[in-house]
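Scroll down for the structure; my scribbles are underneath it.
The values are calculated or read from the model by the stated rules, or taken from the named source; none is laboratory data. Computed from a prediction, not measured in an experiment: that's the story for all the values here. So basically every Cβ, Gly included, is an ideal-geometry build from the backbone, and we count neighbours across all protein chains shown. The accessibility values were calculated without ligands, DNA or RNA, using every heavy atom of the protein model including side chains. Shrake-Rupley method; radii C 1.70, N 1.55, O 1.52, S 1.80 Å.
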Amino acid sequence: MTTKPIITFVTGNANKLRETSAILGPVANLTNKSLDLPELQGSVEEVTIAKAKAAADLIQGPVLVEDTALSFNALGGLPGPYIKWFMQTIGNQGLYDMLYKFEDKTGKAICTFGFCAGPGEEVLLFQGINHGTIVEPRGENDFGWNPIFEPKGYNQTYSEMPSELKNAISHRFLALEKLKKFLAEY
C-alpha cells in the first residue's frame, strides 16, 4: 500500500485551503502553514516559482503554493497576478468599473499551483484557466473576486454558483486535477 505524501500547503486563505483539501484529499495529506513569502513582480508563473522555492527553503520539505490571477483582455492581461492588491485597494466594484469605457469585458481566471519537493528542487507548475466575462458584482461577496467573474457558458458568477458546481469547473479545479494526477504517481 502506497502512503499519501505529506505536503505543506502554504496559504493563509481558509477558502483556498478548504477547496484544495477537498480535491486533493484522495492523493495527498495536506498540512497548512501561513508564511509571509516575498511577492516577486513578474508573470504568474515567475511569481509561483519564486514563492515555491522560498517556501521549500523555509519548510525544509515538500510544499505547495498557489497563485491566482484575474486578467482583463481589454487591459492587456492586467491586473493578472496583482489581483490581490487591486482587490484590497478598489474591491470588486472598482475592478468592474475599470472596464467601463471598454467594449471588451472578457477576461480569464488563472490558477497556478507550484509544487516543490524540497530545498533546491525544481518547481513543477500546474495551471488551470477559465475564460469568462467581468460583470457587475453579483452574489455573496465572501471570496475574492468571485462576484465579478462569470465563466464562459454559464449565466452565474462564481459567487452565485453552488459550491459543488464552482468547485467542479473553476480555474482552481482545473489546476488541481492536473496536480492530483501528478501526486497520484508521486
Original post:
Between a first residue in region 93-110 that is farther than 17 Å from Asn141 by Cα and part of a loop (DSSP other than H, G, I, E, B) and a second residue that is open to solvent by 60 Å² or more (accessible area, probe 1.4 Å) and modelled with pLDDT of 95 or more, which pairs have beta carbons less than 7 Å apart while being 6 or more apart in sequence or on different chains?
Top reply: Asp104/Asn73
Subject >> Scan of region 71-92 for residues that are under 15 Å from Glu136 (Cα atoms) and in contact (Cβ under 8 Å) with a residue 60 or more places away in the chain, ordered by number >> reply: Phe72
Subject >> Every pair of residues 6+ apart whose Cβ atoms lie under 6 Å, when the first sits in region 4-16 and is within 20 Å of Ile49 (Cα to Cα) and polar (S, T, N, Q) while the second is open to solvent by 20 Å² or more (accessible area, probe 1.4 Å) and in a strand (DSSP E or B) >> reply: Thr8/Thr31; Thr8/Lys33
**OP:** Among residues belonging to region 57-110 that are over 27 Å from Leu183 (Cα atoms), touching a Ser or Thr at 6+ places or on another chain (Cβ under 9 Å) and basic (Lys, Arg), point out the one that is most open to solvent (accessible area, probe 1.4 Å).
**Re:** Lys84
Original post:
Any residue at all in region 131-141 that is closer than 22 Å to Asn13 by Cβ, part of a helix (DSSP H, G or I) and touching a Leu at 6+ places or on another chain (Cβ under 7 Å)?
Top reply: no
**OP:** Determine if region 148-161 includes at least one residue that is modelled with pLDDT of 95 or more, in a helix (DSSP H, G or I) and within 19 Å of Asn15 (Cβ to Cβ).
**Re:** yes
Original post:
Only one of (1) part of a loop (DSSP other than H, G, I, E, B); (2) within 16 Å of the chain's Cα centre (by Cα); (3) farther than 16 Å from Lys84 by Cβ is not met by Glu39, so which one is it?
Top reply: (3)
Original post:
Among the numbered criteria (1) of a type outside the set (A, V, I, L, M); (2) in contact (Cβ under 8 Å) with a residue 60 or more places away in the chain; (3) out of contact with any helix residue (DSSP H, G or I) (no Cβ under 9 Å at 6 or more places or on another chain), which single criterion is violated by Gly114?
Top reply: (3)
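Are any residues in region 60-82 small (Gly, Ala, Ser) and out of contact with any Phe, Trp or Tyr (no Cβ under 9 Å at 6 or more places or on another chain), and if so, which ones?
Residues satisfying the conditions are Gly61, Ser71, Gly76, Gly77.
Residues checked against (1) touching a residue at least 40 places away in the same chain (Cβ under 8 Å); (2) over 15 Å from the mean Cα position of the chain (by Cα); (3) under 22 Å from Gly80 (Cβ atoms); (4) surrounded by 15 or more Cβ atoms within 10 Å (Cβ to Cβ):
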{"position": "Ile134", "(1), (2), (3), (4)": "yes, yes, yes, yes"}
{"position": "Gly139", "(1), (2), (3), (4)": "no, yes, no, yes"}
{"position": "Gly144", "(1), (2), (3), (4)": "yes, no, yes, yes"}
{"position": "Asn155", "(1), (2), (3), (4)": "no, yes, no, no"}
{"position": "Pro162", "(1), (2), (3), (4)": "no, yes, no, no"}
{"position": "Lys166", "(1), (2), (3), (4)": "no, no, yes, yes"}
{"position": "Arg172", "(1), (2), (3), (4)": "yes, no, yes, yes"}
{"position": "Leu179", "(1), (2), (3), (4)": "yes, no, yes, yes"}
{"position": "Leu183", "(1), (2), (3), (4)": "yes, yes, no, yes"}
